[in-house]
1. Inside the range 128-160, can you point out the residues that are part of a loop (DSSP other than H, G, I, E, B) and open to solvent by 50 Å² or more (accessible area, probe 1.4 Å)?
2. Of the residues ASN116, ASN125, which single one is modelled with pLDDT under 95, within 17 Å of the chain's Cα centre (by Cα) and open to solvent by less than 10 Å² (accessible area, probe 1.4 Å)?
3. Open to solvent by 70 Å² or more (accessible area, probe 1.4 Å) and under 19 Å from ILE149 (Cβ atoms): is that true of GLU43 in this structure?
4. When you check ALA89 against the structure, is it open to solvent by less than 10 Å² (accessible area, probe 1.4 Å), of a type in the set (Gly, Ala, Ser), in contact with a Cys (Cβ under 8 Å, 6 or more places away or on another chain) and free of Cβ contacts under 8 Å to residues at least 40 places away in the same chain, yes or no?
5. Quick check: is even one residue across the range 107-117 assigned to a helix (DSSP H, G or I) and of a type in the set (Lys, Arg)?
6. Under 6 Å by Cβ, and 6 or more places apart or on different chains, what pairs join a residue from the range 134-160 that is under 27 Å from THR19 (Cβ atoms) with one that is open to solvent by 60 Å² or more (accessible area, probe 1.4 Å) and in a loop (DSSP other than H, G, I, E, B)?
7. In the range 46-55, how many residues are within 16 Å of GLU95 (Cβ to Cβ) and surrounded by fewer than 13 Cβ atoms within 10 Å (Cβ to Cβ)?
8. Scan the range 12-37 for residues that are under 18 Å from ASP148 (Cβ atoms) and assigned to a loop (DSSP other than H, G, I, E, B) and jot them down.
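The values are calculated or read from the model by the stated rules, or taken from the named source; none is laboratory data. Values in this document were obtained by computation on a predicted structure and should not be read as measured data. For neighbour counting, all protein chains shown are included, and Cβ atoms are generated from backbone atoms with ideal geometry for every residue, glycine included. Areas reflect the complete protein model, heavy atoms only, side chains present, ligands, DNA and RNA absent. Shrake-Rupley method; radii C 1.70, N 1.55, O 1.52, S 1.80 Å.
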Amino acid sequence: MVRIKRSEKTKYAESRARTYTKNELKNLNWDTKHPAKGGHVLEEQEAKHFDERFDELLGKKRPDFLIYYENEPVIVIECKSEKNQIQEAVDEAKEYAENLSKKYFDIKIISGVAGNEQSGVVVRNLYKLKNKWEEIKGNNYPLTQLLDINQFNQVILNNK
């Protein structure tokens, strides 16, 4: 008989946060197919050979998700396994967005996702305005879920 060790704190794999994110994107009407197939979502490992400019700008690192709109990457999403890692997810998403925007691209929106369906999820969305990242808000409250396509368009249209 194998005895399962139960700890006070369960550790979750980052893949659970990525699974949550992909399901949520689908629920928010993003087409989760690969951009080469007309979709919006490029996942971390798919980016490796998708665009040679990524190698130049990111080296071997890749964000968990790049959201494409009109054939350009427009949102970087970085995921972490535990809710208390939300700032780490946001910081890494900023770094990816800034590196991608040095040349070729203009990424103004990032999302950090931390947690999973079992323990809960924290989401932060930021918009880059004049070299400063600001929280994306609706009615003066931070949006605490990933952006749907309409919200994305409103943020770009209103420049905030």
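1. Narrowing the range 128-160 to residues part of a loop (DSSP other than H, G, I, E, B): 130-131, 136, 139-140, 143-148, 159-160.
Of everything in the range 128-160, those that are part of a loop (DSSP other than H, G, I, E, B) and open to solvent by 50 Å² or more (accessible area, probe 1.4 Å) turn out to be LYS130, ASN131, ASN139, ASN140, THR144, GLN145, ASN159, LYS160.
2. Numbers: ASN125 fails: modelled with pLDDT under 95.
Result of the check over ASN116, ASN125: ASN116.
3. Values: open to solvent by 70 Å² or more (accessible area, probe 1.4 Å): no; under 19 Å from ILE149 (Cβ atoms): yes.
Criteria not met by GLU43.
4. Values: open to solvent by less than 10 Å² (accessible area, probe 1.4 Å): yes; of a type in the set (Gly, Ala, Ser): yes; in contact with a Cys (Cβ under 8 Å, 6 or more places away or on another chain): yes; free of Cβ contacts under 8 Å to residues at least 40 places away in the same chain: yes.
Against the criterion (open to solvent by less than 10 Å² (accessible area, probe 1.4 Å), of a type in the set (Gly, Ala, Ser), in contact with a Cys (Cβ under 8 Å, 6 or more places away or on another chain) and free of Cβ contacts under 8 Å to residues at least 40 places away in the same chain), ALA89 qualifies.
5. In the first step, residues of the range 107-117 are kept if they are assigned to a helix (DSSP H, G or I); the result is none.
So far as the range 107-117 goes, no, none of its residues is assigned to a helix (DSSP H, G or I) and of a type in the set (Lys, Arg).
6. Close Cβ pairs (under 6 Å, with a partner that is open to solvent by 60 Å² or more (accessible area, probe 1.4 Å) and in a loop (DSSP other than H, G, I, E, B)) amount to ASP148/ASN29; ILE149/ASN29.
7. 0
8. LEU28, ASN29, TRP30, ASP31, THR32, LYS33
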